[in-house]
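In what follows, a single structure is set out as structure tokens and then discussed.
The values are calculated or read from the model by the stated rules, or taken from the named source; none is laboratory data. What you see is a predicted model, and the numbers here were worked out from it, not measured in a lab. As a convention, Cβ positions derive from the backbone with ideal geometry for all residues, glycine included, and neighbour counts pool all protein chains shown.
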Amino acid sequence: MQESIDTRWYGLGSSVEMVKLQNVSFREYQFNIARKVFEGMNTLVILPTGLGKTLIGTLAIANAIQKGKKALILAPTKPLSEQHHSVLRESLSIDGERILLLTGALAKSKRREALERADVIVATPQTFANELKKGEIDMGDFCLAIFDECHKAVGKYAYTYIADECDLKGVQMLGLTASPGSSKEKIKKLVNALKIEDIQIRISTDPDVVQYVMPKHMHVVEVDKSPTINRIASMLRPIAEDSLGKLRGMGLTQFQHFESMPKGRLIEMGNMISRIQAQNFKFGALHQYSKLLNLIHAYDLLETEGLYAFTSYIDSLKAREKKGKAVLSLLDNTSVIAAEQLAKAAMAEGEEHPKVSSLISIIGANLGKSMIVFVQYRSTIKMLVEMLNKNGVEARAFVGKKDGVTQEHQKQTISDFREGKFRILVSSSIGEEGLDIPSVDLVVFYEPIPSEIRNIQRRGRTGRLYKGEVYLLVTRQTKDQVYLMVSRQREGKMLEVVDRMRHELASKRRPEKQSRLA
């Protein structure tokens, strides 16, 4: 039986014949966004994870190469580039040799011939930028450049250099992201970097999207700090307050309590100290500031991550080859020593953060389901994997190369997870963005995070084909509660800022603007 193509796709023109659309469900929002992209404007596409940005990019590539020029798709990591390369080879009805994966692994002796032969180039940004700078690639040969995870197109990142080259040669740019950020300044920088002229944004409640969005049930699970954690915190608090008081006495802050001090203000104070000219004053301020920074981090790890994360951090301070006076004074402090001893004694008795018990309960209530547990710190990932396995739940860690894990090991972990060889993936931030991790039944945030981009990406790992569940573990009266509130506010703000900017761009566009792809 021959596979069928929904004839509505042909409304985009004959280039869709280049895309293998057999049995690909027609989705009105994908069609509408692709049609706008085909008009040739530099376009920013904001679409929640799992709603098919890749198909829109594939349709745009087919439309571009039909014009007789090359198309480019950039992705921030090698694994994500490999994923795009694989998808394009499966999705486009052209010779696979004409779709080139350009990464640092491609032998230099083979690059020139491969670049000349290719109609589509999939690349990591730094590798592509290097070839541009060497003159091995002429951007004038292209008519479309796709920037995946385009929220990274800021500052000195290679995306911005490539975007400038595209602008010089009149190449259409297409940015794809689940979220561009929440601040007007950040979104404006992205819009300026990619010379964006049109924004296509969809959210789960939009009329042409809603029927394709599976419901996600959100559960906020609040826990109280254990008596042991409260006791250890009470040992650390006076030391931190003492350093803060001394910094206040130097006129460097007005805050009375470090627990109410936003992270941004802490960073501002560090920047202020770095600009001080009087060396003796500066040295004293840096000493107290360094003590405060380390204490706040240890304190937050204790309250929101657990005893293992706290003791691991103290051990990491001890292991430093070069220790400043601030670190040495902390490690010699009798209260810090007593706090560490109490934490290790409690761990020896099997005690941990109450979040661990909540996580085990959530898993127990959802046995047989696949899930990703997102965790901020690798020490906590290690502890949770060991704790879950000890409780009869097979779990594996998924962390980045900087933690000593090879790319081959990462691929094997994801392959085993996809095949159902284990059901619980405990992941660092590497599991948030782009990688071909299968949709799961359930996502757990071990702690809330203030970033709206990462929140959207994490939630997008569930509820793709059927309803999903999202659990957020929150420790009462800690920064967990602050971050939960901040992330919600930033998501709402992102939508407001993007909508305002979309209208501003529309009002600036000239009616007579000609398509780059004409």
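Which residue is surrounded by the fewest Cβ atoms within 10 Å (Cβ to Cβ), if the candidates are limited to the stretch 48-90 and must be without any contact (Cβ under 8 Å) to a residue 40 or more places away in the chain and assigned to a loop (DSSP other than H, G, I, E, B)?
By that ranking, first place goes to GLY68.
Pick out the one residue from ALA123, ALA145, ALA129 that is at pLDDT 90 or above, buried (at least 19 other Cβ atoms within 10 Å of the Cβ) and in contact with a Phe, Trp or Tyr (Cβ under 6 Å, 6 or more places away or on another chain).
ALA129
Say we look at the stretch 197-233 and pick out the residues that are within 23 Å of the chain's Cα centre (by Cα) and of a type in the set (D, E, K, R); which of these is nearest to LEU505 (Cα to Cα)?
Across the stretch 197-233, the extreme among qualifying residues is ARG202.
Do the conditions hold for VAL120, that is, is it within 30 Å of LEU484 (Cβ to Cβ) and in contact (Cβ under 8 Å) with a residue 40 or more places away in the chain?
Answer is no for this residue.
Which residue is farthest from LEU12 (Cα to Cα), if the candidates are limited to the stretch 30-68 and must be in contact with a strand residue (DSSP E or B) (Cβ under 7 Å, 6 or more places away or on another chain) and among the basic types (Lys, Arg)?
Once the filter is applied, the top-ranked residue is LYS53.
Considering only the stretch 294-306, I want to know if a residue exists there that is without any contact (Cβ under 8 Å) to a residue 40 or more places away in the chain, within 32 Å of the chain's Cα centre (by Cα) and closer than 30 Å to SER358 by Cβ.
yes
Among the residues of the stretch 223-230, are any in contact with a Gly (Cβ under 8 Å, 6 or more places away or on another chain) and exposed (fewer than 15 other Cβ atoms within 10 Å of the Cβ)?
Among the residues of the stretch 223-230, not one is in contact with a Gly (Cβ under 8 Å, 6 or more places away or on another chain) and exposed (fewer than 15 other Cβ atoms within 10 Å of the Cβ), which makes the answer no.
Hey, can you tell me all the residues within the stretch 241-258 that are touching a residue at least 24 places away in the same chain (Cβ under 8 Å), surrounded by fewer than 19 Cβ atoms within 10 Å (Cβ to Cβ) and of a type outside the set (A, V, I, L, M, F, W, C)?
LYS246
Going through VAL45, VAL16, VAL24 one at a time, which residue ends up being under 28 Å from ALA118 (Cα atoms), part of a loop (DSSP other than H, G, I, E, B) and among the hydrophobic types (A, V, I, L, M, F, W, C)?
So the residue among VAL45, VAL16, VAL24 that is under 28 Å from ALA118 (Cα atoms), part of a loop (DSSP other than H, G, I, E, B) and among the hydrophobic types (A, V, I, L, M, F, W, C) is VAL24.
Conditions (1) in contact with a Gly (Cβ under 8 Å, 6 or more places away or on another chain); (2) not hydroxyl-bearing (Ser, Thr, Tyr), marked per residue:
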{"position": "SER4", "(1), (2)": "no, no"}
{"position": "TRP9", "(1), (2)": "no, yes"}
{"position": "SER15", "(1), (2)": "no, no"}
{"position": "VAL19", "(1), (2)": "no, yes"}
{"position": "GLU28", "(1), (2)": "no, yes"}
{"position": "ALA34", "(1), (2)": "no, yes"}
{"position": "PHE38", "(1), (2)": "yes, yes"}
{"position": "MET41", "(1), (2)": "no, yes"}
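For the stretch 398-434, which residues satisfy the criterion of being over 22 Å from THR49 (Cβ atoms) and hydrophobic (A, V, I, L, M, F, W, C)?
Scanning the stretch 398-434 gives VAL405, PHE422.
Please pick out the residue among LEU194, LEU236, LEU190 that is more than 24 Å from the chain's Cα centre (by Cα) and modelled with pLDDT of 90 or more.
Just a single option satisfies the conditions, and that option is LEU236.
I need every pair where a residue in the stretch 267-290 that is on the phi < 0 side of the Ramachandran plot and in the same structural domain as GLY251 (by TED's automatic domain parsing) has its Cβ under 9 Å from the Cβ of a residue that is assigned to a helix (DSSP H, G or I) and exposed (fewer than 13 other Cβ atoms within 10 Å of the Cβ), sequence separation at least 6 or different chains.
LYS282/SER274; LEU286/SER274; HIS287/LYS325; SER290/LYS325
If a residue has to be of a type in the set (D, E, K, R) and either closer than 18 Å to SER81 by Cα or part of a loop (DSSP other than H, G, I, E, B) (or both) to count, how many in the stretch 109-119 make the cut?
Going through the stretch 109-119 one residue at a time, the tally reaches 2.
Test GLU419 against the stated conditions and say whether it is charged (D, E, K, R), within 23 Å of GLN481 (Cα to Cα) and out of contact with any Pro (no Cβ under 8 Å at 6 or more places or on another chain).
no
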